Amino acid sequence: MSPVEAPTQLRRRAALAQLEAEELAELVAELRSSARSKTKLERALAQLEALSARMQVTLQWPGGLTVSQAAEHLHVSEPTIRKWLTEGLLNQIDGRKPVEISQRSVIKVERILQSVRENYPARQWSQALAAFLHDRDLLSQDWAREGIEQLGRGELVER
């Protein structure tokens, strides 16, 4: 018989399980969009999707991942995770101490990292990620969005 885990340990395990369930749901959605014509594959994907949805409901937990869990999952250091929290790349769950990170934001960052790591040599991927963050921050500014919209309409005036 295994010893009973403390509530904090159970929350941590539940947070990891929820991360995996959400990741499973995203992968199923990707597979479904790329394999519309195959009936058997469609049925299997529907079953996986239903399983994922049931897992997410069962594991509905207001807790998130610890900094160390997120770092391990993303294959980066804990200081990097803390920096990404400060920069807004990862979302912290409000009112939690120690810091807890939402599973959804970890999955989004994982997708970004996967793309960047595939498209850039090992030493350039961190620069590409920094450029992505810079662009994202610029696009959150009203003046930048308006300028891009004007450029798209051909209204930009050179000075």
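The values are calculated or read from the model by the stated rules, or taken from the named source; none is laboratory data. Just so we're clear, the structure is a prediction, and the values are computed from it rather than from any experiment. Methodologically, a virtual Cβ is constructed for each residue, glycine included, from the backbone with ideal geometry; neighbour enumeration extends over all protein chains shown. Side chains are part of the model used for accessible areas, which takes the heavy atoms of the whole protein and leaves out ligands, DNA and RNA. Shrake-Rupley method; radii C 1.70, N 1.55, O 1.52, S 1.80 Å.
Are there any pairs, at least 6 apart or on different chains, whose C-beta atoms fall under 7 Å, with the first in the range 9-33 and touching a residue at least 60 places away in the same chain (Cβ under 8 Å) and the second open to solvent by 70 Å² or more (accessible area, probe 1.4 Å) and of a type outside the set (S, T, N, Q), and if so, which?
Ala15/Trp61; Gln18/Trp61; Glu22/Arg104
Within the range 49-159, considering only helices (runs of 4 or more DSSP H) that don't extend past its boundaries, which have at least 1 residues that are at pLDDT below 80 and either within 30 Å of Leu10 (Cα to Cα) or open to solvent by 40 Å² or more (accessible area, probe 1.4 Å) (or both)?
103-119, 125-139
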